[in-house]
Each structure stands twice: as C-alpha cells, then as structure tokens.
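> Before anything else, here's the structure in question.
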Amino acid sequence: MILVVVETEAGVASEVSLETLALARSLSQAGGGIAIRALAIGDVGDVSALAATVGAHGASELVHATGDAFDSYGGASWAAAVQAVRAETGSVVVTAAGTPRGNEVVAHLAARLDVPMAANVVAFSGLSPFTVTRQVVGGSALEEMTLGTRPALFTVAGHSWVAEAVDGPAATVREVQPEVAGADLVARVVSTGAKEADESGSLKSASIVVGAGRGAGSADGFGAVDELASLLGGVVGVSRVVTSLGWRPHHEQVGQTGSRIAPDLYVPCGISGAIQHWAGCASSKVIVAVNTDAEAPMVTRATYAVVGDMHEVLPAVNEEIRRRSG
Amino acid sequence: MRILVCVKRVPDVGSEVMLTADGQSVDARHVGYTVSNHESSAVELAIRVADATGGSVTLATVGPAESTDQLRHLLGLGCHAATLVEADPTTLGPADVARELAAVVTDHAASGAGYDLVLLGNDAADSGDFQVGIRLAYALGWPVVNGVSTVETADGNVITKNDGPDGEETFSVPLPAVVTVLEGGVEPRYPTLKGRMAAKKVEIETRSLTAQPAGASRVKLVVPPPAPSNVEVLGEGPEAAAAVVDLFEKLGVLR
Ligand SMILES: Cc1cc2nc3c(=O)[nH]c(=O)nc-3n(C[C@H](O)[C@H](O)[C@H](O)COP(=O)(O)OP(=O)(O)OC[C@H]3O[C@@H](n4cnc5c(N)ncnc54)[C@H](O)[C@@H]3O)c2cc1C
Ligand SMILES: Nc1ncnc2c1ncn2[C@@H]1O[C@H](COP(=O)(O)O)[C@@H](O)[C@H]1O
C-alpha cells in the first residue's frame, strides 16, 4: 500500500501532488500493482471532485481526515493524521509533494516513527533495497540513497514527473476523524494575512516576465529591464544574486527559493541559468535569453537568444518597440 | 533570552558542482566553504532577538575541525559562544546530527546554561534533508515551526511569520521552541573589525559524538548531464533588436 498525502490549492489537487501520484503509480507497477491511497487533510473544498481527480491519477481510495484539530494548519497535527491513517492501512510507503508543507509533514512523520526520510526524490531505481534518487545541493547534484526501513518515507521534487491522468474511476471516499494529542496542536497557524497584495502573486501568474541577474551590474542597472517589462505589459523577475545583493526585493526572485513562474514569454537578461534558477522558470513557454556568454546554461537552454551586453541590447529593443508602435 | 543557532559548514558552490572521486561528497577544494543563506538569516534573527531581550546567541555545529572557520566568522557578527561537535561529515545522517544537537542542548541545560529558543536553517544547502530541525524538536519534546522569515519573542512565546499557501502565516508558540528559518526576511549583517577581534578571543567548546552515527544511507552522488540545446541565436549585440521585436510581434506580445 502506497499512501500519498495530497495538497490542494483553492480546492483542487496541486500540480505537484498529481506529479507525486504519477511517481506512486510507477512505483505501484514496479511492485506488482500495490494499491495507492490518497490522503487529504482538513478543508479541501469539494471532496467528490477531489476523489474524481485523484482517481483519474491512479488512487483507488481517498481518505479524508477531518476534525477540529484540522481547522488550522500545523506540521505535527497533520503528521498525526498521516501517522494514524498509515498505521490503519499498513502502508509501506508514505509520500507527499516536495513542497514546504509536504516536506514538513513527512519530516514530522519520520521523527515520530524514527525512520529515515528522503526529501525531493526525482526517481527510484531499485526495490530491494528500495533505492531513490533525490536532488541535493539545490538540484545541482543528485544523490542515490537507500530507504531500507518500512514505512519508506519520501517527498517528490516538483517537475520531476509528469502529472498525466490515466482515466481511473473516481476514488472511493472514506471519512476519518483521527485523534490528535494536545501536544501536536501547540504549533498551529494562528492567523493568515491577506495574500501579500500580490507582491509575488503577480509574478507567479504573469504571462510575460523580463528577468535580470548579476549582469544588471548594480541596483541602478534595471532601467531598461523595467522599461521592457512595462512596454510588454509584463513584470520583472530576478535571480537570487540580485536579491542577495539587495538590488531588488526578495518577492521578485524566481527559482527554487523564490517564485515558480510559467509565463508565455520569459526574457532572462544577465542570468546564467543556474539549476536553482531554472527550477523556477522551466515551465516558461518561450525563453529569449540575453547574455554576453553564448555558453551560459540559460542561453543553451533557451528557445531564442541574443548574445550581447544587456545594457546595449535592451535599450535597442525598447527603442525598436517604441519606433514600431509609433 | 538564550538562543542557540545550529549552522553547517557547506561547500560554497554556485551553479556547477564537482564531486570527490569516491562520489561521496562535493569537492570544495576550488570553491571553499561557507554557511548557507538560511542559516545566515537565522543568525541575524537570533542576534536581533538577543539584542531586544538582553540575551545571548550561541552557535552549534556538527562537523570537521575546520568548521571553526565558519564559527569564528559568525562570532564576529556578535554571537557570544560556540560549540563544535567534531565528526567526519561523510559518516553523518540527519538523525545523527539531530541527536548530537539535542545532546548539546540538554548538556548545556544541565550545566545551568539552557536555551529558550533554537534556530536552524529550513534545509541544509548541501544535503537538503529538510528534517534536522524537526528531529531535534522531537528529541527535546519542544514544539517546532518551519520555514519562517521573521522571529520575535513576547510574553514567553516565539512569534514567527512565514509565507504560506494562502498568504502570510503567523505562529505563536510557547518557549522553549525550535524554529527553522528561510532566507529573505532579514538582511544578514557584516562583521565589524571590533567584532572580528573579539571573536578571536572566544574559546570554542569542542565535543565528540555521543553515539556511533547511523549515516545517511548514501550510495553515491552524481551530477546530472546538461540538457541538449536547441537554441536559435537571434543575433549579437544591439543589432539583434529588430529580430527580437520581429519575434515579439510573431508571438503577439506587443501591445
Ligand atoms: C540552495 C540554493 C538555492 C538557490 N535558490 C535560487 C533561486 O531561487 N533563484 C536563483 O536565481 N538562484 C538561486 N540560487 C543561486 C544560484 O545557484 C545562482 O548562484 C544564481 O542563480 C546566479 O545568479 P545570476 O545568474 O544572476 O548570476 P551569475 O551566475 O553570476 O550569472 C551572471 C550572468 O550574467 C551574464 N552577464 C554578465 N554581464 C552581462 C551583461 N552586461 N549583459 C548580459 N549578460 C551579462 C554572465 O555571462 C552570466 O551568465 C540558489 C542556490 C542554492 C545553493
Ligand atoms: N552538521 C550540522 N551541524 C549543525 N547544524 C546542522 C547540521 N546539519 C544540518 N544542520 C541544521 O539543520 C538545518 C536543516 O538541515 P537538513 O535537515 O540537513 O536539510 C540546517 O539548515 C542547519 O541549520
């Protein structure tokens, strides 16, 4: 039995949770058809819609844990629910998306059961011993690791599997009310602020993003970048070097430790394309890179590129756009 | 308020990683070592809380003797004391590290110098296990909050803010507690000359492991091969502007 903890966003299963189900399906096949159960905790919106979704992605049952304990999120209380359902179903594998909450809940479970946990798994390579490959050094390297104990606990790195529906029937829904000890309710969200008036929200949902990295040169080097973004009706996204140096605010950062973007057009300028940056922009439909180095990973991975100094290329592009728009 | 910050000596890698010949670790000979941004932010938050409450900041690390380089640097920022649990990092897994850090906390408490708050990074920059702080909290029987960007204390509670899926989340948890920090909420300070001089005089407590480590179950590390390139170069320098704008027109992104 494989237990997949499913997260929802605005009442629908999150993309990374569906990617996690894709890995679980592959694992189930390798293991001779072990059943997959999905577990959703607390208020997840329309439960039967969720059951249809997780069913279409290979889960035969959706366990839905409810109760006062799940009114607001806490790592320990969520883990208590997973622990109870795992014990009752005898699951030998427990997995979740490699999101902040997914990693947190599985790490709590690992500590409670005193078993190892592998974070950000991208693949499994053997069943006995169970061997997984996971991202380390922010994705710049992979680690092959054995997970010999049961249950095997791991999270799945985003974008490492494709969330494909297999048209399974809706999962059967089973409602449970797990007991949660008082000690597991100490650290819970006490309040949730309005979504930071879309400081990074606009970046995450933008259809056009103009990016800038160390190549901008200084805090004053963003003039043409801001201008191109406004000419295209897009927003600015930056690399971590830029936020670390204090040139731009953190909410503009794209990447593993910033926002994940999926625009129709991304124009990264003076960004080398480190794997941690790539993790946040890989879903862009078209990438037009501007870089002085024709061999920079951002250039070689882009759809189109201009090799040159962004401080010369961007003003020329802006000028050309203004000229054509009359 | 007495605060402990757990930091790890990690290779200062950029986008490209080299591995040692045995595939067991990152080869840092050419890049050197550092402390990750998450942990630097944790140190900054700790110093601010200590300053606000008239408290002190102690550092703890489990790692090689050379970790004293990182400890001295952080002492130069205004931390007051440091403990090194000396061990070969290739023999350690996250459960081992958590057990050793818990032993530091309990032993210091037993000698009358316990902690109200323990800060760590959310995840280590090299091993990225996402779990040492949580395991430490369970070992101590303390509550834990993860991935926070700010930390304050008031009335015996630690109050944290983090970026949650539905907006900014606040936790308020009774002390003693464990909190793990994500970079971005504060700007870590730079050492002052005076701080660096003072740091040289601090005596770093050195301990050895309290138990045989279980290890990380690592088979080996690999560096993934670069993806094949299909890039179409539109041109070089400002002369490429017309080709770029032609493309923008074709994509229909011009307003
Ligand atoms: C755990 C971890 C998490 C991380 N998370 C993130 C993250 O979320 N987001 C992120 O971005 N990074 C992240 N990083 C950092 C990442 O590894 C890189 O260090 C960073 O992305 C590099 O930023 P950059 O491309 O701006 O700078 P550099 O790598 O220094 O690249 C600068 C580029 O600009 C080009 N250039 C220079 N001058 C010009 C010019 N005048 N015109 C045009 N091009 C020019 C250069 O050729 C080069 O390609 C993370 C790292 C770690 C270890
Ligand atoms: N060897 C170590 N010594 C001290 N602190 C550590 C060590 N390893 C991890 N930590 C702390 O635990 C956090 C999470 O690490 P990890 O669970 O390994 O990703 C790090 O950001 C550090 O603050």
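> Consider residue A:52 carefully, then state whether it is more than 14 Å from every other protein chain (Cβ to nearest Cβ) and more than 21 Å from the chain's Cα centre (by Cα).
So residue A:52 fits the description; yes.
> Now for a separate question. So in the stretch A:139-164, with the set limited to residues that are open to solvent by less than 20 Å² (accessible area, probe 1.4 Å) and facing another protein chain (nearest Cβ under 9 Å), which one is nearest to residue A:14 (Cα to Cα)?
Looking only at the stretch A:139-164, we keep the residues that are open to solvent by less than 20 Å² (accessible area, probe 1.4 Å), and these are A:139-141, A:143, A:145, A:147, A:151-158.
Checking the rest, the ones that are also facing another protein chain (nearest Cβ under 9 Å) come to A:139-141, A:143, A:145, A:147, A:155.
On the way: A:139: 21, A:140: 25, A:141: 26, A:143: 26, A:145: 27, A:147: 26, A:155: 14 Å.
The selected residue is A:155.
> Next question, about the same structure. Could you list, in sequence order, the residues of the stretch A:23-53 that are touching a Lys or Arg at 6+ places or on another chain (Cβ under 9 Å) and among the β-branched types (Val, Ile, Thr)?
A:36, the sole residue that qualifies.
> Given the structure, is residue A:272 open to solvent by 10 Å² or more (accessible area, probe 1.4 Å) and either basic (Lys, Arg) or touching a Pro at 6+ places or on another chain (Cβ under 7 Å) (or both)?
The answer is yes for residue A:272.
> Please go through the stretch B:29-48 and pick out each residue that is in a helix (DSSP H, G or I), open to solvent by 10 Å² or more (accessible area, probe 1.4 Å) and more than 14 Å from chain A (Cβ to nearest Cβ).
Scanning the stretch B:29-48 gives a single hit, B:48.
> Residues B:128, B:133, B:184: which one is facing chain A (nearest Cβ under 9 Å), in contact with a Leu (Cβ under 7 Å, 6 or more places away or on another chain) and either within 27 Å of residue A:142 (Cβ to Cβ) or outside any loop (DSSP other than H, G, I, E, B) (or both)? First the steps, then the outcome.
On the way: B:128 fails: in contact with a Leu (Cβ under 7 Å, 6 or more places away or on another chain); B:184 fails: in contact with a Leu (Cβ under 7 Å, 6 or more places away or on another chain).
Step by step, each of B:128, B:133, B:184 is checked, and only B:133 is facing chain A (nearest Cβ under 9 Å), in contact with a Leu (Cβ under 7 Å, 6 or more places away or on another chain) and either within 27 Å of residue A:142 (Cβ to Cβ) or outside any loop (DSSP other than H, G, I, E, B) (or both).
> Is the stretch A:239-261 home to any residue that is within 11 Å of chain B (Cβ to nearest Cβ), over 30 Å from residue B:179 (Cβ atoms) and open to solvent by less than 40 Å² (accessible area, probe 1.4 Å)?
The answer is no; no qualifying residue exists.
> Please go through (1) surrounded by fewer than 17 Cβ atoms within 10 Å (Cβ to Cβ); (2) closer than 20 Å to residue A:152 by Cβ; (3) under 19 Å from the mean Cα position of the chain (by Cα) for residue A:23 and return the number of the only condition it doesn't satisfy.
Only one criterion is unmet by residue A:23, namely (1).
> Out of the stretch A:298-322, which residues are open to solvent by less than 50 Å² (accessible area, probe 1.4 Å) and either in a helix (DSSP H, G or I) or modelled with pLDDT under 95 (or both)? Step through it out loud before you land on a result.
Start the filter on the stretch A:298-322 by keeping residues that are open to solvent by less than 50 Å² (accessible area, probe 1.4 Å), which leaves A:298-300, A:302, A:304-308, A:310, A:313-314, A:316-318, A:320-321.
Correct list: A:298, A:299, A:300, A:310, A:313, A:314, A:316, A:317, A:318, A:320, A:321.
> Follow-up question, since we're still on this one. Can you pull out the residues in the stretch B:3-28 that are closer than 22 Å to residue B:215 by Cα, within 13 Å of ligand 1 (Cβ to nearest atom) and either open to solvent by 40 Å² or more (accessible area, probe 1.4 Å) or of a type in the set (Val, Ile, Thr) (or both)?
If the condition is that a residue be closer than 22 Å to residue B:215 by Cα, within 13 Å of ligand 1 (Cβ to nearest atom) and either open to solvent by 40 Å² or more (accessible area, probe 1.4 Å) or of a type in the set (Val, Ile, Thr) (or both), then B:8, B:10, B:26 are the ones that fit.
> When you go through (1) in a loop (DSSP other than H, G, I, E, B); (2) farther than 19 Å from residue A:244 by Cβ one by one for residue B:99, which number turns out not to apply?
So residue B:99 meets the others, but not (1).
> Of everything in the stretch A:108-138, what is more than 7 Å from chain B (Cβ to nearest Cβ), closer than 22 Å to residue A:254 by Cα and within 14 Å of ligand 2 (Cβ to nearest atom)? Give them in sequence order.
A:134 - this is the single residue of the stretch A:108-138 that is more than 7 Å from chain B (Cβ to nearest Cβ), closer than 22 Å to residue A:254 by Cα and within 14 Å of ligand 2 (Cβ to nearest atom).
> Which residues, taken from the stretch B:1-22, are more than 18 Å from residue B:129 (Cβ to Cβ), out of contact with any Gly (no Cβ under 6 Å at 6 or more places or on another chain) and in a loop (DSSP other than H, G, I, E, B)?
B:14, B:15, B:16, B:18, B:20, B:21, B:22
> Go through (1) modelled with pLDDT under 95; (2) within 16 Å of ligand 1 (Cβ to nearest atom); (3) more than 27 Å from residue A:149 (Cα to Cα) one by one and return the number of the condition residue B:168 breaks.
With (1) modelled with pLDDT under 95; (2) within 16 Å of ligand 1 (Cβ to nearest atom); (3) more than 27 Å from residue A:149 (Cα to Cα) applied to residue B:168, the lone miss is (2).
> Restricting attention to the stretch A:272-324, which residues are in contact with a Phe, Trp or Tyr (Cβ under 7 Å, 6 or more places away or on another chain) and within 16 Å of ligand 2 (Cβ to nearest atom)?
none
> Could you tell me which of the residues B:158, B:173, B:144 is touching a residue at least 12 places away in the same chain (Cβ under 8 Å), more than 8 Å from chain A (Cβ to nearest Cβ) and not hydroxyl-bearing (Ser, Thr, Tyr)? Break it down stepwise before answering.
Details: B:173 fails: more than 8 Å from chain A (Cβ to nearest Cβ); B:144 fails: more than 8 Å from chain A (Cβ to nearest Cβ).
Testing whether each residue is touching a residue at least 12 places away in the same chain (Cβ under 8 Å), more than 8 Å from chain A (Cβ to nearest Cβ) and not hydroxyl-bearing (Ser, Thr, Tyr) leaves just B:158.
Each row is one residue, and each column tells you yes or no for (1) among the acidic types (Asp, Glu); (2) surrounded by fewer than 16 Cβ atoms within 10 Å (Cβ to Cβ); (3) within 7 Å of another protein chain (Cβ to nearest Cβ).
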| residue | (1), (2), (3) |
| --- | --- |
| B:217 | no, no, yes |
| B:221 | no, no, yes |
| B:236 | yes, yes, yes |
| B:241 | no, no, yes |
| B:246 | yes, yes, no |
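> Looking at (1) touching a residue at least 60 places away in the same chain (Cβ under 8 Å); (2) charged (D, E, K, R); (3) under 30 Å from residue A:117 (Cβ atoms); (4) facing chain A (nearest Cβ under 7 Å), which one does residue B:168 not meet, given that it meets all the others?
(1)
> Checking the conditions here, which among A:160, A:125 is of a type in the set (S, T, N, Q) and assigned to a loop (DSSP other than H, G, I, E, B)?
A:160
> Just one of the numbered conditions (1) over 20 Å from residue B:230 (Cβ atoms); (2) in contact with a Gly (Cβ under 7 Å, 6 or more places away or on another chain) is not true of residue A:233; which one?
The failed condition is (2).
> Also: Name the residues in the stretch A:200-227 that are outside any loop (DSSP other than H, G, I, E, B), closer than 25 Å to residue B:168 by Cα, open to solvent by 10 Å² or more (accessible area, probe 1.4 Å) and in contact (Cβ under 8 Å) with a residue 24 or more places away in the chain, would you?
Selection gives A:202, A:204.
> Among the residues of the stretch A:265-274, is there at least one that is near ligand 1 (Cβ under 9 Å from one of its atoms), outside any loop (DSSP other than H, G, I, E, B) and within 9 Å of chain B (Cβ to nearest Cβ)?
No, every residue in the stretch A:265-274 fails to be near ligand 1 (Cβ under 9 Å from one of its atoms), outside any loop (DSSP other than H, G, I, E, B) and within 9 Å of chain B (Cβ to nearest Cβ).
Conditions tested, residue by residue: (1) touching a residue at least 12 places away in the same chain (Cβ under 8 Å); (2) touching a Ser or Thr at 6+ places or on another chain (Cβ under 6 Å).
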position	(1), (2)
B:73	yes, no
B:82	yes, no
B:88	yes, no
B:91	yes, no
B:111	no, no
B:117	yes, no
B:125	yes, yes
B:131	yes, no
B:136	yes, no
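The values are calculated or read from the model by the stated rules, or taken from the named source; none is laboratory data. Keep in mind that this is a model prediction, so the values were computed, not measured. Don't worry about glycine lacking a Cβ; one is built from the backbone with ideal geometry, like all the others, and counts go over all protein chains shown. Remember, those area values only see protein heavy atoms, side chains included, never the ligands or the DNA or RNA. Shrake-Rupley method; radii C 1.70, N 1.55, O 1.52, S 1.80 Å.
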